[in-house]
Amino acid sequence: MACLFTSQTIPPVPTSKPAAAIATVIQPTAESISEISATKPPIIPSPIPKVVTFPNPDNYFWETIITGLDRPVELRNANDGTGRLFVLEKEGRIQIIKDGFLFPEPFLDIVSLVGSSSNEQGLLGLAFHPSYVGNGYFYLYYTNNQGHAQIDRFTVTVDPDVADDGSRLPMLTINQPFPNHNGGALAFGPDGYLYIGVGDGGSAADPFNNGQDLDTLLGKLLRLDVDSAEPYAIPPDNPFGNQIWAYGMRNPWRISFDTFTGDLFIGDVGQGEWEEIDFLPAGSPGGLNFGWKYFEGAHPFSGTPPEGLQLVDPVAEYDHSQGCSVTGGYVYRGSMPEWNGIYFYGDYCTRTVWGLIHSEAGWQNLILFGAGGNITSFGQDEFGEIFIATYGGQILRLSPR
């Protein structure tokens with residue numbers, strides 16, 4: 001399906017493939033990814049501990065710090081030294097929490113711009129510019145009133161608790177053929193670029209094969225340079241000369257970079273059987289393919305990959321006996337050293353929270369908690385502590401008993 005977006009036309013995509021005898025699925029290690037092209041930048045490996053011991057989860061609980069929010073779906077900090085948390089409400093408002101107190105007025109209200117009538121639509125993603133303290137820029141991903149994915153930049157006013165609703169700079173519109181699989185993930189990488197997780201356009205089983213089609217932005221991880229031009233520029237090392245950084249995604253629901261290593265974690269919602277967590281080590285090259293819809297998780301789904309096409313396998317997955325919709329999370333970097341380096345993620349339906357960590361023995365994955373609410377998002381404050389937002393309006397924080 002042709003790309004339908006407003007900012008620019010995607011140039012023709014190179015047709016060359018990696019020289020390999022057969023289609024393969026690879027684990028995303030530094031060695032295997034670097035084999036894709038010797039001309040790509042080298043991988044910066046993450047520290048890998050020899051032994052991992054998970055803390056006893058019975059010694060911790062999810063402490064309720066806020067109730068009464070209206071369908072919160074995202075929780076972020078501005079890294080500005082204020083200790084505030086910013087919560088997205090699905091209908092189109094950003095609320096502020098500080099020291100366990102919910103501010104009486106929203107930071108921003110764009111309900112008039114947001115289409116939220118369908119279950120997966122709404123105000124979905126937020127990222128603060130790395131230089132937010134100086135420029136006041138933040139970025140939103142939402143479903144517009146036409147049902148399409150919209151990415152905009154806004155600016156804070158002189159009052160740090162009030163955004164300027166007239167400062168909107170439209171950046172990118174991506175037409176959605178169906179109302180589901182809107183994606184919605186935003187995050188700045190350690191390279192200073194803005195990464196955007198876009199769903200495959202919806203319906204079921206990706207009927208237009210958008211995940212594998214490099215002529216559309218649907219089903220992709222995008223990467224934009226928001227500093228060199230307005231509304232943005234294409235980073236010179238983006239692999240296809242356009243916005244696309246990686247592809248083969250179904251519905252990425254939350255992406256995050258480890259604040260210590262720079263590694264990227266992606267929660268990608270599955271079709272009917274498998275939910276997955278994808279991983280790219282810091283320094284990974286662009287152009288990687290996560291496999292949808294050839295694969296759902298690590299399992300064949302539809303069609304046969306072309307000869308020589310390399311696919312990146314998930315580092316964790318679970319079937320639908322354990323849940324129905326993955327919510328990606330964060331690597332813990334807070335005040336409890338026993339949790340340091342453990343990636344938290346969960347399931348919306350079963351309210352299960354897992355811990356995932358890489359050691360010399362491989363990826364270790366463990367069910368840790370029941371969250372007590374449908375998990376729409378994880379969050380992380382400036383100090384590395386971990387939070388959960390539930391669809392019922394709660395914000396929870398991981399705390400010792």
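The values are calculated or read from the model by the stated rules, or taken from the named source; none is laboratory data. Computed from a predicted model, the values in this text were never measured in an experiment. All Cβ positions, even for glycine, are placed from backbone atoms using ideal geometry, and neighbour counts span all protein chains on display.
Cβ separations smaller than 9 Å between residues 6+ apart or across chains give the following pairs from region 211-239 residues that are without any contact (Cβ under 8 Å) to a residue 12 or more places away in the chain to residues that are surrounded by 19 or more Cβ atoms within 10 Å (Cβ to Cβ) and assigned to a strand (DSSP E or B): 233/224; 234/223; 234/224. May I ask you to verify whether residue 197 is of a type outside the set (S, T, N, Q), under 20 Å from residue 311 (Cβ atoms) and touching a Pro at 6+ places or on another chain (Cβ under 6 Å)? For residue 197, the condition - of a type outside the set (S, T, N, Q), under 20 Å from residue 311 (Cβ atoms) and touching a Pro at 6+ places or on another chain (Cβ under 6 Å) - is met.
Selection of region 192-237 for residues being among the β-branched types (Val, Ile, Thr) and more than 23 Å from residue 131 (Cβ to Cβ) yields 198, 216.
Those strands (runs of 3 or more DSSP E) of region 51-104 that lie entirely within it include none in which at least 2 residues are crowded, with 19+ Cβ neighbours inside 10 Å and at pLDDT below 95.
Among the residues that make up region 143-158, is at least one of them among the charged types (D, E, K, R), modelled with pLDDT of 95 or more, closer than 19 Å to residue 185 by Cα and out of contact with any Pro (no Cβ under 6 Å at 6 or more places or on another chain)? Yes, because at least one residue in region 143-158 is among the charged types (D, E, K, R), modelled with pLDDT of 95 or more, closer than 19 Å to residue 185 by Cα and out of contact with any Pro (no Cβ under 6 Å at 6 or more places or on another chain). Filtering region 121-149 to residues that are out of contact with any Gly (no Cβ under 8 Å at 6 or more places or on another chain) and more than 24 Å from residue 83 (Cα to Cα) leaves only 148.
Annotation for region 293-312: no member residue is among the hydroxyl-bearing types (Ser, Thr, Tyr), closer than 24 Å to residue 52 by Cα and out of contact with any Gly (no Cβ under 7 Å at 6 or more places or on another chain).
Looking at the structure I just gave you, is residue 140 within 18 Å of the chain's Cα centre (by Cα) and assigned to a strand (DSSP E or B)? So residue 140 fits the description; yes.
Counting only residues that are under 23 Å from residue 270 (Cβ atoms), surrounded by 20 or more Cβ atoms within 10 Å (Cβ to Cβ) and over 21 Å from the mean Cα position of the chain (by Cα), region 299-340 holds 1 of them. For region 25-47, the criterion of being at pLDDT 95 or above, among the charged types (D, E, K, R), surrounded by fewer than 17 Cβ atoms within 10 Å (Cβ to Cβ) and not in a strand (DSSP E or B) is satisfied by no residue at all. For the residues 274, 253, 292, 354, the requirement of being aromatic (Phe, Trp, Tyr), in contact with an Asp or Glu (Cβ under 9 Å, 6 or more places away or on another chain) and without any contact (Cβ under 8 Å) to a residue 40 or more places away in the chain singles out 354.
Looking across region 112-137, the residues that are over 19 Å from the mean Cα position of the chain (by Cα) and not in a helix (DSSP H, G or I) come down to 114, 115, 116, 117, 118, 131, 136, 137.
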